[in-house]
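See below for the structure under consideration.
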Amino acid sequence: MTTIGIDVDGVLRDFCTGLEKVVKEHYPEYLPEDYTGINNWKLSDNFIADKADLQKIYWDEYAKEIMGESPAFEENVRQMKNLISHYDGLIHGNTDVTFVCVTSQKPHARYHTLSWLGKHGLNFDTIYFRKGWQKWMVNVDYLVDDSPNNFENWVRGRGMKEGFILMDQPYNQHIETEHRVYDIDSIMEHVNI
């Protein structure tokens, strides 16, 4: 069996746009004059706010708006639904392919992500809630994720780059890998089945 883990934020859900919307509406003082969008993984480098202030926004005060209502990367969601329905129950050669969700969410807000997935028709059989630095420990053959930190933890924990499929985002351009994708359909080009 080949198991492919799919992250939510930065892969299926546009967390950055959701956060930007809340900041513009409720904390405009956090926007620098030259703000051009979130292009640095360290969120506090994108805003005039420290990490704790931003975490308070997306983990507590506006978790519902950001985790439950952020827009989807529509094309990725459409492609993911197609892949799930195509591979669900199929055996390719000697390999059964399954997709699972592997996401880092705070316990008090996980239901927002579950609701978001359901609203978008993403019916994963299994959802793993793991802290980002623990994602490499989930029993998957491949992990599709956008996080530079999760990439580094995968390489350190598993001892290899193979298996980590990096979803391209402005904040991960410094990562050198042969396994970068620009949409969900492309991940199958990096999967050996």
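The values are calculated or read from the model by the stated rules, or taken from the named source; none is laboratory data. The structure displayed is predicted, hence computed values, not measured ones. Positions of Cβ are backbone-derived with ideal geometry, glycine not excepted, and every protein chain shown enters the neighbour counts.
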Condition check for residue 141: among the charged types (D, E, K, R), under 13 Å from residue 5 (Cα atoms) and surrounded by fewer than 21 Cβ atoms within 10 Å (Cβ to Cβ): yes
Residue that is modelled with the lowest pLDDT, among those in the range 67-124 that are out of contact with any helix residue (DSSP H, G or I) (no Cβ under 9 Å at 6 or more places or on another chain) and at positive phi: 93
The range 55-79, subset small (Gly, Ala, Ser) and either touching a Leu at 6+ places or on another chain (Cβ under 7 Å) or part of a helix (DSSP H, G or I) (or both), residue nearest to residue 107 (Cα to Cα): 63
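In the range 129-161, which residues are charged (D, E, K, R), over 21 Å from residue 192 (Cβ atoms) and not in a helix (DSSP H, G or I)?
Going through the range 129-161, the residues charged (D, E, K, R) turn out to be 130-131, 135, 141, 145-146, 152, 156, 158, 161.
Subsequent filtering for residues that are over 21 Å from residue 192 (Cβ atoms) retains 130-131, 146, 152, 156.
The answer is 130, 131, 146.
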Contacts under 7 angstrom Cβ, first residue in the range 147-158 being without any contact (Cβ under 8 Å) to a residue 24 or more places away in the chain and within 14 Å of residue 179 (Cβ to Cβ), partner surrounded by 14 or more Cβ atoms within 10 Å (Cβ to Cβ) and not small (Gly, Ala, Ser), 6 or more apart: 154/136; 154/143; 154/164; 155/161; 158/136
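Any residue in the range 17-27 that is of a type outside the set (A, V, I, L, M), farther than 29 Å from residue 98 by Cβ and part of a loop (DSSP other than H, G, I, E, B)? Spell out the reasoning first.
Quick first cut of the range 17-27, residues of a type outside the set (A, V, I, L, M) only: 17-18, 20-21, 24-27.
Filter once more, keeping what is farther than 29 Å from residue 98 by Cβ: 17, 20-21, 24-27.
Restricting the remaining residues to those that are part of a loop (DSSP other than H, G, I, E, B) gives 27.
Yes, the range 17-27 contains a residue that is of a type outside the set (A, V, I, L, M), farther than 29 Å from residue 98 by Cβ and part of a loop (DSSP other than H, G, I, E, B).
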Checklist (1) over 23 Å from residue 128 (Cα atoms); (2) surrounded by 12 or more Cβ atoms within 10 Å (Cβ to Cβ); (3) small (Gly, Ala, Ser); (4) in contact (Cβ under 8 Å) with a residue 12 or more places away in the chain applied to residue 44, failing item: (4)
Some residue of the range 81-89 being in a loop (DSSP other than H, G, I, E, B), touching a strand residue (DSSP E or B) at 6+ places or on another chain (Cβ under 7 Å) and not acidic (Asp, Glu): no
Criterion: part of a strand (DSSP E or B) and under 18 Å from residue 98 (Cβ atoms) - qualifying residue of 187, 193, 165: 165
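Restricted to the range 98-123, and to residues that are assigned to a helix (DSSP H, G or I) and among the basic types (Lys, Arg), which residue is surrounded by the fewest Cβ atoms within 10 Å (Cβ to Cβ)?
Taking the range 98-123 first, the residues assigned to a helix (DSSP H, G or I) are 107-119.
Next, from what is left, pick out any that are among the basic types (Lys, Arg): 110, 119.
Values: 110: 15, 119: 11.
Here the answer is 119.
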